[in-house]
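The structure under discussion appears below in the form of structure tokens.
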């Protein structure tokens, strides 16, 4: 794949001021989570004000209903006024509830969009060490499902919690007040009843929060299992050709079934906690006791409690019970969102071994590129992939990396892209270590064509211009012609706008490589890295590609991982590797005369024996080994 920073190459990192990442803005998962309340203060605080207003309005219909009954009992002439007031208050309650829900949801959905983008930005900013350790399917689940769960904890959970608590507070106040309305009154004004309701409510809240905390570990396990299901699904879909070719559909189905059952088990545990919510009994008992006291007061017939007042009290107590059963679900939703935020935050704050410098010197690719005693092992692995590797590449040289599988060839290319940093030693350019240079400054002038070509499921034009987003169609066509892919593209129904399918599934291996090479040609890099880029190209196309590569390589350093004799012969320098160590360094002729391992490798080729014989004769004429 041609790799390049998707920014105009005229932008220098030292002048480029990227926005702060979420891990730089916020100190903890809790701060990041609760920032949802202040990111859009206009929407959120307007909604809060309307929620408070709605909490007062929502209890008025029940209170006015009791007042209407008392008025009806004595035949007062403003009964109709109270009835119309009930209708008006009910409509107003619906209006304020809808408006507060709209404003709160608008802010919450924007918050979800923001945290999903922040998660994506942080993940993009991490080095390959992060991606080596974290499964892409789990990351996808976090970015989609778990950020959605965080939003769900704000709306409807937190919004309903606020509305419920405020309504409960207003109901409690009703039991402490007595407001005269004509010859009648609103309120109970019995401190014993009021105090009993308040104390019951406080005890209930404490127990509800303790109960809700039990959901934390289960919610964490549920998120993990959801990520595993996502990862398993993604892996199966991506490898569907392998699954079909080995007739392994049943095995994959059984694997997915096991993952789904584990997920279902965690969902069942969470559902059990929600269904058998024993703290609710406290408010149910308190409601029954208070209503019993109210009936006793009415039966005394001493005026301390009227039929209308006990009707209002019953209406408000029933409202309390309804809110009581809503609170646990909302508390569980809020707790689940906090747990998901903590889980995502732990991933975002990964201790990345690749550290970006505050200031970065300008890269000078006209100078020698030096590997100085470099040792490297991939994160989490004990075995060194490279060990004490040292070499110098003069600017403008054509270098071939040669060696068997696991010799460290591709790893050298990754280090040159600063996808990783060496464990020991250094890579220097113009006397400056890569670790002192920002990855932007390194990669904007380096292009890699990998062995395993990755193409996006977009058009030919978008795939080729990925290395230069502002490229004109003429530049794209020129790059395609130089890569020997233009005729094929132009023969497709949509030409350069033809979609190539996910990962270039509609193309052959050679076609994918030529598209990637066109992408590299358009990049016009200072350092060109090719990882066996012509392995799937036929002989005729290879000749054409060699001509195109010869033109591309002029005036720039190139490093090619190859086993092809033609490439080795044309290279200025061959670095021969075995098991992470350098066997020998030199030109083709030099290695052919002095390196036994190189001679053995060449001898396996059809013309290899003759090449070795000619080299040895030349060496003998010049007086021995050079």
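Laboratory data are not the source of any read-out in this text; all were calculated from the coordinates shown. No experiment lies behind these values; they were computed from the predicted model shown. Positions of Cβ are generated from backbone atoms using ideal geometry, with glycine treated the same way; all protein chains shown enter the neighbour counts.
Taking all pairs of different Cα atoms in region 330-380, averaging 1/r and flipping that mean, what Kirkwood radius in angstroms comes out?
16.0
Could you please state, rounded to a whole Å, how far the C-alpha centre of region 415-485 is from the C-alpha centre of region 82-118?
So the two Cα centres are separated by 49 Å.
Using only the Cα atoms of region 369-586, construct the convex hull and provide its projected area averaged over every direction, in square nanometres to one decimal.
Dividing the Cα hull surface by four gives the mean projection, 12.1 nm².
At q = 0.10, 0.17, 0.19, 0.20 Å⁻¹, what is the log10 ratio I(q)/I(0) for region 56-142, with the Debye formula run over Cα points and no solvent?
Reported log10 I(q)/I(0), two decimals: -0.53, -0.80, -0.88, -0.92.
Could you order the peptides 578-591, 329-342, 139-152 from most to least packed, using the average number of other C-beta atoms within 10 Å per residue?
Packing order, densest peptide first, comes out as 329-342, 139-152, 578-591.
Taking N as the number of residues in region 391-518, what value does Rg over Cα atoms divided by 2.2 N^0.38 Å take?
Dividing the Cα Rg of region 391-518 by 2.2 N^0.38 Å gives 1.25.
Once fully extended, how much extra length lies between residue 366 and residue 253, figured as 0.36 nm per residue of separation less the alpha-carbon to alpha-carbon distance?
Net length gain for the segment: 35.1 nm.
Could you list 102, 174, 378, 204 so that the one with the fewest beta carbons within 10 Å of its beta carbon is first and the one with the most is last?
Sorted ascending by nearby Cβ count, the order is 102, 378, 204, 174.
List 365, 104, 94, 345 from most exposed to least, where exposure is judged by having the fewest other Cβ atoms within 10 Å.
Final ranking by Cβ density, sparse to dense: 94, 365, 345, 104.
Could you tell me the largest-minus-smallest coordinate of the C-alpha atoms of region 373-449 on each of the three principal axes, in descending order and whole angstroms?
Extents along the principal axes: 30, 26, 23 Å.
What do you get for Rg/Rh over region 456-525 if you use C-alpha atoms and the Kirkwood form of Rh?
0.91
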